[in-house]
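Working notes, beginning with the structure itself.
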Amino acid sequence: MILDEIAAKTRERVARCKENVSLEEMKKKALSLPAETGFPFEKQLKKDGVSFICEIKKASPSKGVIAEDFRPVEIAIAYEDAGAAAISCLTEEHYFKGGSKYFADIRAKVDIPMLRKDFIFDEYEIYEAKVLGADAILLIAAILSEEKIKEFYDLAKVHNEKELKKVVACGCDIIGINNRNLKTFDVDLNTTSKLAPLIPYEAVLVSESGMKDENDMKNVKEQGADAVLIGETFMRSDNIKETMKQLRSCL
């Protein structure tokens with residue numbers, strides 16, 4: 001199963017990182033930085049209308065290399081100029097061809113909030129995200145127990161009802177519903193409509209994956225999405241600002 005393979009590679013990477021910088025050292029670095037105040041990531045998503053979290057990724061397990069000419073900092077600046085509410089940056093190295101350096105380089109050039117998107121299993125990765133300058137992290141309910149979500153809680157991402165229950169039990173303020181099944185990598189925009197009504201309290205709802213045109217945007221907005229996370233559509237675009245304008249046209 002691809003998710004298990006990604007998890008194994010991630011654990012290998014974390015083990016290597018710990019050899020270079022120990023958990024104690026990484027924790028000390030993170031805790032020496034100013035504490036986050038004002039919840040900028042959440043505030044950006046709560047603004048009127050549907051907010052855009054624009055994703056930076058070179059490749060994916062299902063599509064292979066998406067962006068041959070990969071210039072992450074230029075893409076991030078284009079996202080900010082186009083009116084993105086936040087940026088999601090892949091740091092998983094093997095399947096998504098991401099990296100911590102990409103994240104740090106982007107963080108140094110843009111002012112909008114950033115989400116570190118990776119497969120988080122270990123507290124080390126959370127301290128590492130803080131050191132990189134992340135405003136939010138991604139917790140994937142498909143690979144974490146309810147106890148781990150509670151322990152790691154900042155942001156969560158779900159795909160099915162069983163996973164949603166784990167997230168809701170933790171009272172997460174931001175809930176991402178992934179329209180892509182991480183076990184099969186199939187996409188179904190109806191996932192958002194199926195799961196959104198099951199959230200029993202007011203949370204910021206992010207619909208993730210699969211939005212390609214105005215009809216898709218209209219669909220997820222009607223399903224109650226406060227924000228969308230879009231990667232491949234932008235990564236394949238020759239004009240990010242124009243693509244975002246088209247996607248916003250029906251909102």
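The values are calculated or read from the model by the stated rules, or taken from the named source; none is laboratory data. Computed from a predicted structure; not experimentally measured. Neighbour counts run over all protein chains shown; Cβ positions are idealised from the backbone, glycine included. Heads up: the accessible areas ignore ligands, DNA and RNA and are worked out on the full protein's heavy atoms, side chains in. Shrake-Rupley method; radii C 1.70, N 1.55, O 1.52, S 1.80 Å.
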Looking at region 168-218, which of the residues that are touching a helix residue (DSSP H, G or I) at 6+ places or on another chain (Cβ under 7 Å), of a type in the set (A, V, I, L, M) and over 20 Å from Glu55 (Cα atoms) is surrounded by the most Cβ atoms within 10 Å (Cβ to Cβ)? Leu195
If we scan region 238-251, do we find a residue that is outside any helix (DSSP H, G or I) and buried (at least 18 other Cβ atoms within 10 Å of the Cβ)? no
Only unsatisfied item for Lys165, checking (1) open to solvent by 70 Å² or more (accessible area, probe 1.4 Å); (2) within 21 Å of Ala86 (Cα to Cα), is (2)
Residues located in region 1-48, provided they are more than 20 Å from Phe121 (Cα to Cα), among the charged types (D, E, K, R) and in contact with a Lys or Arg (Cβ under 9 Å, 6 or more places away or on another chain): Glu36
Subset of region 191-228, residues among the acidic types (Asp, Glu) and within 18 Å of the chain's Cα centre (by Cα), comes to Glu208, Asp226
Selection from region 67-79 of residues modelled with pLDDT of 95 or more and open to solvent by 50 Å² or more (accessible area, probe 1.4 Å) yields Arg71, Glu74, Ile77
Six or more apart or on different chains, Cβ atoms under 8 Å: show the pairs whose first residue is in region 109-135 and in contact (Cβ under 8 Å) with a residue 60 or more places away in the chain and in a loop (DSSP other than H, G, I, E, B) and whose second is open to solvent by 20 Å² or more (accessible area, probe 1.4 Å) and polar (S, T, N, Q). Ile112/Gln44; Pro113/Gln44
Residue pairs within 7 Å by beta carbon, gap of at least six or interchain, first lying in region 189-202 and part of a loop (DSSP other than H, G, I, E, B), second among the small types (Gly, Ala, Ser), listed first then second, are Leu189/Gly210
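Where residues in region 160-188 are assigned to a strand (DSSP E or B) and touching a residue at least 24 places away in the same chain (Cβ under 8 Å), which of them is farthest from Gly210 (Cα to Cα)?
Filtering first and then ranking leaves Ile174.
Please enumerate the residues belonging to region 30-56 that are open to solvent by less than 20 Å² (accessible area, probe 1.4 Å) and assigned to a loop (DSSP other than H, G, I, E, B).
Scanning region 30-56 gives a single hit, Val50.
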Flagged pairs (Cβ under 6 angstrom, 6 or more apart or on separate chains; first in region 3-22, closer than 23 Å to Ala141 by Cβ; second assigned to a helix (DSSP H, G or I)) are Val14/Tyr124
